[in-house]
Amino acid sequence: MGQAPQLIVRRWLCLLALLAAAGAGAQDYAIEGSCRDGALHGAYELRGGNGQVRVVGAFSRGKRTGSFLYWSSSGTRIAQLPFDDDVLSGTLALWYSPGDRRGEARPKLEAAYVAGKLHGRKRSWYPDGQLRAEYRYDHGALIEARVFSESGKAFDPAEARAQAATDLATDDRFYATLDEIVRTHRPPCAPASDRIERS
């Protein structure tokens, strides 16, 4: 297996650790959301202790709907997860954090989901913008895999399929970390409440 994709996996794991620490209470959060009949309903916003927006999204009767956008503690957009009835559905996007606050975040990954399953193209890039991998899925089943080293050399098909499995597991852990941040930071919704809750 090529060295460059392993390096990217290590970078993902570092980001996972940082987000897990944030989700585990390492930082105070301000939460705002609307409730209806005891369930989140309407806009949702999570801010860090410094007032920086960390997550925005919306709920419909307790289920995520539309896009949930995530930012790092420094204010860099890092993820967009699209939901329909609380399952991934649409084009998911992740970004690299720029080296300084003035730079634009570069695309890290784009993946198409239908009813919670990868369906269509999933592409990832190296931090310099060069294509790292391109996979094609059909309702969760891997159909095609192409992976490239940082020098642009294509992996052989068996290595590319193995990397697709590694990427899928790493990406799923990252998405679970993002889900955990929202799951553990919800405003209390009293039964039959129909108001904005803040905590």
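Restricting the stretch 32-48 to residues that are among the small types (Gly, Ala, Ser) and more than 14 Å from Ile181 (Cβ to Cβ), the residue that is nearest to the chain's Cα centre (by Cα) is Ala43.
Evaluate the following for Arg123: is it basic (Lys, Arg), within 21 Å of the chain's Cα centre (by Cα), at pLDDT 95 or above and surrounded by fewer than 19 Cβ atoms within 10 Å (Cβ to Cβ)? Criteria met by Arg123. Evaluating Pro98 against the criteria (1) surrounded by 15 or more Cβ atoms within 10 Å (Cβ to Cβ); (2) touching a Ser or Thr at 6+ places or on another chain (Cβ under 7 Å); (3) of a type outside the set (Gly, Ala, Ser) leaves one unmet condition, (1).
For the stretch 128-143, the count of residues that are surrounded by fewer than 16 Cβ atoms within 10 Å (Cβ to Cβ), touching a Phe, Trp or Tyr at 6+ places or on another chain (Cβ under 7 Å) and not basic (Lys, Arg) is at least one.
Out of all the residues in the stretch 73-82, is one or more among the polar types (S, T, N, Q), over 29 Å from Tyr137 (Cα atoms) and touching a helix residue (DSSP H, G or I) at 6+ places or on another chain (Cβ under 9 Å)? For the stretch 73-82, residues among the polar types (S, T, N, Q), over 29 Å from Tyr137 (Cα atoms) and touching a helix residue (DSSP H, G or I) at 6+ places or on another chain (Cβ under 9 Å): present. Every listed requirement among (1) assigned to a loop (DSSP other than H, G, I, E, B); (2) modelled with pLDDT of 95 or more; (3) at negative phi is met by Gly152 save one, (3). Of the residues examined, Ala164 is one that is at pLDDT 95 or above and touching a Lys or Arg at 6+ places or on another chain (Cβ under 9 Å). Kindly check whether there is at least one residue in the stretch 44-60 that is surrounded by 15 or more Cβ atoms within 10 Å (Cβ to Cβ), modelled with pLDDT of 95 or more, out of contact with any Gly (no Cβ under 7 Å at 6 or more places or on another chain) and more than 26 Å from Glu104 (Cα to Cα). Taking every residue of the stretch 44-60 in turn, at least one turns out to be surrounded by 15 or more Cβ atoms within 10 Å (Cβ to Cβ), modelled with pLDDT of 95 or more, out of contact with any Gly (no Cβ under 7 Å at 6 or more places or on another chain) and more than 26 Å from Glu104 (Cα to Cα). Total residues in the stretch 104-116 satisfying the condition of being closer than 16 Å to Phe174 by Cα and either more than 13 Å from the chain's Cα centre (by Cα) or of a type in the set (Phe, Trp, Tyr) (or both): the figure is 2. A search for C-beta distances below 8 Å between a residue of the stretch 155-177 that is under 17 Å from Arg123 (Cβ atoms) and any residue that is among the aromatic types (Phe, Trp, Tyr) and in a helix (DSSP H, G or I), counting only pairs 6+ apart in sequence or on different chains, returns Thr170/Trp12; Asp171/Trp12; Phe174/Trp12. Residue count for the stretch 167-199, restricted to those that are more than 22 Å from the chain's Cα centre (by Cα) and either at pLDDT 95 or above or aliphatic (A, V, I, L, M) (or both): 3.
Evaluate the stretch 159-166: report whether one residue or more is hydroxyl-bearing (Ser, Thr, Tyr) and either out of contact with any strand residue (DSSP E or B) (no Cβ under 8 Å at 6 or more places or on another chain) or assigned to a strand (DSSP E or B) (or both). Checked the stretch 159-166: at least one residue is hydroxyl-bearing (Ser, Thr, Tyr) and either out of contact with any strand residue (DSSP E or B) (no Cβ under 8 Å at 6 or more places or on another chain) or assigned to a strand (DSSP E or B) (or both).
The values are calculated or read from the model by the stated rules, or taken from the named source; none is laboratory data. Please read all numbers here as calculations on a predicted model, not as lab measurements. Note that each Cβ is placed from the backbone with ideal geometry, even for glycine, and that neighbours are counted across all protein chains shown.
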